[in-house]
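Since the structure comes first, as structure tokens, the remarks are kept for the end.
The values are calculated or read from the model by the stated rules, or taken from the named source; none is laboratory data. Please read these numbers as outputs of a predicted model, since none were measured by experiment. Backbone-built Cβ (ideal geometry, glycine too); neighbour counts: all protein chains shown.
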Amino acid sequence: MKQTLNRLILFFFCFSICLSSPSYSQFRFSQIKVQGNSNTGIETIKSISGLKKNISLSASDLNLALKNLYNSNLFESVQVVPKGQTILIKVKENKRIRRLAFEGNNKIEDKELLPLIQSKERQPFSKAQVVKDSRIISDFYRFKSRYSARVEPKIIERDKGFVDLVFEIDEGSILQISQIDFVGNRSFSDRQLRNVIKSKRAGLFSSFFTSDNYSEDSQGADKYLLEKFYKDNGFPDAKVIASLGGLKDSGETAFLTYSIYEGPFFRFGNLSIKSMVKGISPSLYESSIVASKGDKFNTSEIQKTLDNIKKVSVNNGYPFLIGTVDQVRNSKEKEIELLFKVIEGPKLFVEQIEISGNTHTRDNVIRREFQVEEGDAFDPSMLKRSEEKLKSLGYFDEVKVNVRQGSSSQNAIVDIGVKEAPTGSLSLGLGYSTDTDVSAQFAFSESNFRGAGQGIRLSVSGSKDNSSIGLGFKERGFLGRDVLVSMDIDYTNSKPRATGYTANLLAIKPSVGFNLSSDTRVRLTYKLENIDVTAVGTSEVLKQDLGKSTRSLIDLSLNHDKRDSIIKPTKGYMIKFGSEIAGLGGDEQFVKSKASGKIYQGIYGNNVIFSTELEGGILTMNKGYSKVVDRFLLGGRSFRGFKYSGIGPRELAGGQYTIPLGGEKYAIARFAASFPLGLPRELGLYGSVFAEAGSLWDIKTDPNVAGLSDKIALRDRALRTSIGFAMNWETPIGPLQFNWSRPQKYLDADSLEYFSLNLATRF
């Protein structure tokens, strides 16, 4: 009321100046005085008013000055009074907030509430703003499903024009869903529909879930899910009205009601496809149609067909061809005929790429990793893949790619917003694995040195079986291109459990990597290695490996990645191939090759992910005979159900199978289905069932060493299989993996492992 009165006074004062003081329309004032201020400086007030002495001022200038001072929110009342050659500015200052606090907020912390409100400490106090802030806090509690929350602002007068502002909060209780009713559903039971929606009735374990908390947003999502369910099951006209039926238990629980109009049931009639583009045959798109005549009407299958048409167009070099559909309804036969048309869509191009949020990382680094450039045809799938690639760099906590219209409807502007993450680390680490026992690590690294996408590292690690020290440098954008060059120097001391040998390896590894396409990357590495096998325990076979040797080799690797996500794939495949060719100088000549392929497919809304992987390798000696450090070892994390190096050729001594020797050939197939374990997804707890099958075999020995071949057993190919269950948990201290395995097919000499555990942390 007081504020309204002040504004009326302001209006009449300005009006009176305009009517009764024409002499001031062009008048020079030699002095400006300020009265009534205590916290705000005189010069600040003069500056806010915009008035200046010794210049021509009009009534409208005085009016504007009055508005400027009021709009600053620093003053409760303001007067601008001309007296002779002086302008007198009389103010009454708003009080300031000395202290701002929240009381009663046990469930929501102050740090969550403070950013929501406009009132701040040391800032002017405004009753109107406090009312707004109280409403905002209440709305936030509603968003958290606390509909009974109450917020009362308490204003405490203090000396020297200050007040303390306290928001007293009664958080109330979470409004839970006690009952869910459906009205009008004749074709599907209540139980079926409850499985469709996200909202659930409160139960015994309600404190662990949020799906049984009422919110307007979740109710809107349920409405969409129910309508989609009906339209995917033969009811194209289905409509749903969601409503809050009422409150129970003194407002602590609610019951929901979904009113459903099903409409008539329809099936698909004839389905056909027609090309509206000259030179494009409809036969190219016939396989895109996923439904058949007689199937129940399904909007998802219609959309999937349209998506398939777009994919076929892109894959065949027609990025601007899209699909549309005409529906012809036969109400008598309860059929809907579909005619899919291939047409020219709008030719959209990327006009501009704008980057924001990067204070450390250079723009050219982001543009280099982003696989879209200005002038390219707009491709949503490529934008998504580029976003995933930026996320995988590890430079950013958050990457968001948005698209908006450019200078015309044919042009798009791509906005890349990033939130940078710390890229340098100095860490100590501890880990445990049934493969390597306890391990420790010290590492210093910087993956985005100088913001140029360069990486440097120094690492020292040690375990019972292995210790190492390494130095490395990499440049992701060599000569301004998407070319990765690196230089690594590593020293390793290996004592693999149960093998009995000790090997020291010093390696120098310069490499270069580049893209053959958006999905295919090649890396070429030169390795100069010095190996010294210093001990072999009691092994007669491994005695042949004793001593020093030098290897000079080329390592060629290829990675073809067609997964929908680099981080958490739900569909697609990935193929890897690598080959080491030794013999460019040095003491050894061999070819060591590995290849693998993995396919992903998600079902049930990608809640269950199936994966199939095939992997194999072969070591071929062109000169001499293989050493244990070159051969493949299988078991542990590479073949669950068997210990590390638990299968394959072994040394035969005294009629007993003793030391594992590794093999020159191996093959393994892995099948898995992963799924959340039903707890809140925020816990990061996932389970999987798996089956694995494979073998490790073959060693060629020096025939000049008498009896050596007779000391090697189990060199023949023999299939091993296992099944099991795995649990993966992203714990606060690091990732944990637990495996329970049950070998199904094995040899008596194999080393079995029913349980395995891997845990790593960094501090």
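Of all the residues in region 489-520, those that are under 30 Å from GLY572 (Cβ atoms) and either in a loop (DSSP other than H, G, I, E, B) or touching a Gly at 6+ places or on another chain (Cβ under 6 Å) (or both) number 4. Criterion first (under 22 Å from GLY451 (Cα atoms), outside the structural domain of LEU284 (by TED's automatic domain parsing) and in contact (Cβ under 8 Å) with a residue 60 or more places away in the chain) does ILE416 satisfy it? Here the answer is yes, as ILE416 does meet what is asked.
In this entry, LEU584 is excluded by the filter for residues that are farther than 29 Å from GLY394 by Cα and buried (at least 16 other Cβ atoms within 10 Å of the Cβ). Here ALA101 passes the criteria (1) out of contact with any helix residue (DSSP H, G or I) (no Cβ under 9 Å at 6 or more places or on another chain); (2) touching a residue at least 12 places away in the same chain (Cβ under 8 Å); (3) of a type in the set (Gly, Ala, Ser) except the one numbered (1). A single entry from GLY513, GLY462, GLY455 fulfils the requirement of being surrounded by 15 or more Cβ atoms within 10 Å (Cβ to Cβ), over 26 Å from ALA582 (Cβ atoms) and in contact with a Lys or Arg (Cβ under 8 Å, 6 or more places away or on another chain): GLY455. No other residue among SER467, SER552 is part of a strand (DSSP E or B) and closer than 21 Å to GLY583 by Cα apart from SER552.
For region 606-623, the criterion of being touching an Asp or Glu at 6+ places or on another chain (Cβ under 6 Å) and β-branched (Val, Ile, Thr) is met by no residue. For residues in region 102-135 being surrounded by 14 or more Cβ atoms within 10 Å (Cβ to Cβ) and among the hydrophobic types (A, V, I, L, M, F, W, C), which is farthest from ASN73 (Cα to Cα)? The selected residue is ILE108.
Considering region 543-594, and only residues there that are in contact with a strand residue (DSSP E or B) (Cβ under 7 Å, 6 or more places away or on another chain) and basic (Lys, Arg), the residue that is nearest to ILE668 (Cα to Cα) turns out to be LYS594. Since TYR625 meets every condition but one in (1) touching a strand residue (DSSP E or B) at 6+ places or on another chain (Cβ under 9 Å); (2) farther than 23 Å from LEU524 by Cβ, which condition does it not meet? Of (1) touching a strand residue (DSSP E or B) at 6+ places or on another chain (Cβ under 9 Å); (2) farther than 23 Å from LEU524 by Cβ, only one is false for TYR625: (1).
For region 78-92, the set of residues classified as surrounded by fewer than 19 Cβ atoms within 10 Å (Cβ to Cβ) and either under 14 Å from THR40 (Cβ atoms) or free of Cβ contacts under 8 Å to residues at least 12 places away in the same chain (or both) consists of VAL81, LYS83, GLY84, LYS90, LYS92, listed by residue number. Going by the conditions given, is ALA667 under 28 Å from the mean Cα position of the chain (by Cα) and either surrounded by 19 or more Cβ atoms within 10 Å (Cβ to Cβ) or hydrophobic (A, V, I, L, M, F, W, C) (or both)? The answer is no for ALA667.
Conditions (1) aliphatic (A, V, I, L, M); (2) in contact with a Phe, Trp or Tyr (Cβ under 6 Å, 6 or more places away or on another chain); (3) touching a residue at least 60 places away in the same chain (Cβ under 8 Å); (4) outside any strand (DSSP E or B), marked per residue:
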residue	(1), (2), (3), (4)
PRO319	no, no, yes, yes
GLN327	no, no, no, no
LYS332	no, no, no, yes
LEU338	yes, no, yes, no
THR359	no, no, yes, yes
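Scanning region 635-658 for residues that are crowded, with 23+ Cβ neighbours inside 10 Å and more than 28 Å from LEU736 (Cα to Cα) yields a count of 3.
The set of residues in region 165-201 that are surrounded by fewer than 16 Cβ atoms within 10 Å (Cβ to Cβ), acidic (Asp, Glu) and more than 18 Å from PHE255 (Cα to Cα) comprises GLU168, ASP170. When you scan region 135-145, do you find a residue that is part of a strand (DSSP E or B), out of contact with any Leu (no Cβ under 9 Å at 6 or more places or on another chain), farther than 30 Å from LYS239 by Cα and outside the structural domain of ASN54 (by TED's automatic domain parsing), even just one? The answer is no, given that none of the residues of region 135-145 is part of a strand (DSSP E or B), out of contact with any Leu (no Cβ under 9 Å at 6 or more places or on another chain), farther than 30 Å from LYS239 by Cα and outside the structural domain of ASN54 (by TED's automatic domain parsing).
If the condition is being surrounded by 15 or more Cβ atoms within 10 Å (Cβ to Cβ) and touching a Pro at 6+ places or on another chain (Cβ under 8 Å), then region 516-526 contributes only THR525. Scanning region 405-415 for residues being at pLDDT below 85 and either of a type in the set (A, V, I, L, M) or farther than 15 Å from LYS347 by Cα (or both) gives a total of 1. Considering region 486-508, the residues that are crowded, with 16+ Cβ neighbours inside 10 Å, in contact with a Leu (Cβ under 9 Å, 6 or more places away or on another chain) and not hydroxyl-bearing (Ser, Thr, Tyr) include one that is farthest from LEU393 (Cα to Cα), namely GLY500. Of all residues in region 361-393, those being of a type outside the set (D, E, K, R) and surrounded by 15 or more Cβ atoms within 10 Å (Cβ to Cβ) number 12.
Residues of region 214-250 that are more than 18 Å from LYS200 (Cα to Cα) and modelled with pLDDT under 85: SER250 alone. Screening region 264-285 for residues that are buried (at least 17 other Cβ atoms within 10 Å of the Cβ) and in contact with a helix residue (DSSP H, G or I) (Cβ under 8 Å, 6 or more places away or on another chain) and picking the one that is farthest from ASN316 (Cα to Cα) gives ILE273.
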